[in-house]
Amino acid sequence: MKPPPFAYADPDSLDEVLQLLADVGDDAAVIAGGQSLVPLLNLRLARPELVIDPRRIGELRGISFETTGLRVGAMVRAVDLEEHDSTGQMPGLTRVLSLIGHSQIRARTTIGGSIAHGDPAAELPALLVALDGEVTLKSRDRGTRIVQANDFFVGPLMTDRAPDELVTSIWFPYPSGPIEIDEVAKRPGDFAIVGAIASFGIDDSNITDPRIALFGVGPTPWRAARAEAFLAGRPANAETIALAGQAVRDDLDPRGDIHGSAAYRRQLGVTLTERTLGALA
């Protein structure tokens, strides 16, 4: 199918983008990498009057590895971050990025676009939730607003971004230890049926700052809060990991669909949690 008619704008400045969003509101769509918006347009599931392309806005392309975390401009492509010289400062980040589609997809997908799209089966929203990250938004009338990741994702393909706001940067705090990710998909490069991201540090042989987020199990990335609380201060051994997996089994209430039943997704969530924790241990 072909997309419905729409006007196209590629402004030269951030102020122009924010002006257009303020003027057009709900009838405007921002195109970043286009990996999600273009199919929606072609299927006529999205019918914007105006498509705004911020590709000329250099200030949206910054990558900054700082003392306590990583700040990424919204228009940074996944491949740019994957191949950045300093990406090793966050061990496991390259592996997370490598699971985003295929290399051709990563060459177009943007970090801000993935976060703003809010697909509950995508890796980057789950990583942001696992790390207690932040999303910075700007609008013409209200200025800058910072939203915590847990508050930003509110439903499938739904976020806290207002129609006149633009995602400008993403903040990923450094975890206490390396990041591990595992997922199950029908084919390599597909969206995950279920995936898990985990991280923890070690202090005197015991787990510190445990973090577990599952994706593909509900309308938003799901944080395994009770399993995290159980892990804190315990030894990183097989018994501890099995009991954390049991906590996930007890708390996880996924939705079933044509790709997998609720019971199948729950079992995958437990298995992938145990795998990622075991890899870290």
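Summed over the stretch 192-237, the residues that are on the phi > 0 side of the Ramachandran plot and in contact with a strand residue (DSSP E or B) (Cβ under 9 Å, 6 or more places away or on another chain) give a count of 4. Of all the residues that make up the stretch 120-173, how many are in contact with a Ser or Thr (Cβ under 9 Å, 6 or more places away or on another chain) and among the basic types (K, R)? Final tally of qualifying residues: 2. Within the stretch 1-44, the set of residues being modelled with pLDDT under 90 and either open to solvent by 90 Å² or more (accessible area, probe 1.4 Å) or touching a Cys at 6+ places or on another chain (Cβ under 8 Å) (or both) comprises M1, K2. Looking at this structure, is F191 in contact (Cβ under 8 Å) with a residue 60 or more places away in the chain, surrounded by fewer than 24 Cβ atoms within 10 Å (Cβ to Cβ) and among the aromatic types (F, W, Y)? Judged against the criteria, F191 is a match. Between T144, T168, the distinction of being modelled with pLDDT of 95 or more, touching a Leu at 6+ places or on another chain (Cβ under 8 Å), among the polar types (S, T, N, Q) and surrounded by fewer than 16 Cβ atoms within 10 Å (Cβ to Cβ) belongs to T144 only. Residues in the stretch 194-239 that are aliphatic (A, V, I, L, M), assigned to a helix (DSSP H, G or I) and over 11 Å from T273 (Cα atoms) were compared, and the one that is least open to solvent (accessible area, probe 1.4 Å) is L231.
Going by the conditions given, is A279 over 19 Å from D190 (Cα atoms), out of contact with any strand residue (DSSP E or B) (no Cβ under 6 Å at 6 or more places or on another chain) and either of a type outside the set (D, E) or modelled with pLDDT under 95 (or both)? Here the answer is no, as A279 does not meet what is asked. Is it true that A242 is open to solvent by less than 40 Å² (accessible area, probe 1.4 Å), among the hydrophobic types (A, V, I, L, M, F, W, C) and within 27 Å of the chain's Cα centre (by Cα)? Spelling it out, it is not the case that A242 is open to solvent by less than 40 Å² (accessible area, probe 1.4 Å), among the hydrophobic types (A, V, I, L, M, F, W, C) and within 27 Å of the chain's Cα centre (by Cα).
Considering the conditions (1) of a type outside the set (D, E); (2) in contact with a helix residue (DSSP H, G or I) (Cβ under 7 Å, 6 or more places away or on another chain); (3) open to solvent by less than 60 Å² (accessible area, probe 1.4 Å); (4) modelled with pLDDT under 95, G73 is excluded by exactly one of them, (4). Here the helices (runs of 4 or more DSSP H) wholly within the stretch 66-177 that include at least 2 residues being touching an Asp or Glu at 6+ places or on another chain (Cβ under 8 Å) and free of Cβ contacts under 8 Å to residues at least 40 places away in the same chain are 93-98, 149-152.
Of the residues in the stretch 205-220, at least one is modelled with pLDDT under 95 and over 27 Å from A32 (Cβ atoms).
Assess whether R275 counts as being closer than 19 Å to P173 by Cβ, open to solvent by 10 Å² or more (accessible area, probe 1.4 Å) and in contact (Cβ under 8 Å) with a residue 60 or more places away in the chain. No, not satisfied.
Is it the case, given these coordinates, that V129 is buried (at least 21 other Cβ atoms within 10 Å of the Cβ), farther than 23 Å from I52 by Cβ and not small (G, A, S)? For V129, the condition - buried (at least 21 other Cβ atoms within 10 Å of the Cβ), farther than 23 Å from I52 by Cβ and not small (G, A, S) - is met. Checking each residue in the stretch 245-263 for being outside any loop (DSSP other than H, G, I, E, B), surrounded by fewer than 20 Cβ atoms within 10 Å (Cβ to Cβ) and either of a type in the set (S, T, N, Q) or in contact (Cβ under 8 Å) with a residue 60 or more places away in the chain (or both) picks out only Q246. Filtering the stretch 99-135 to residues that are farther than 16 Å from Q35 by Cα and of a type outside the set (D, E, K, R) leaves A126, L127, L128, V129, A130, L131, G133, V135.
Scanning the stretch 261-279 for residues that are farther than 12 Å from L214 by Cα and either aromatic (F, W, Y) or touching a Cys at 6+ places or on another chain (Cβ under 9 Å) (or both) turns up at least one hit.
The values are calculated or read from the model by the stated rules, or taken from the named source; none is laboratory data. All figures in this text were calculated on a predicted structure; none of them were measured in a lab. Heads up, the Cβs are rebuilt from the backbone with ideal geometry, glycines too, and the neighbour counts pull from every protein chain shown. Ligands, DNA and RNA are stripped out before the accessible areas are found, and what is left, the full protein with its side chains, is counted by its heavy atoms. Shrake-Rupley method; radii C 1.70, N 1.55, O 1.52, S 1.80 Å.
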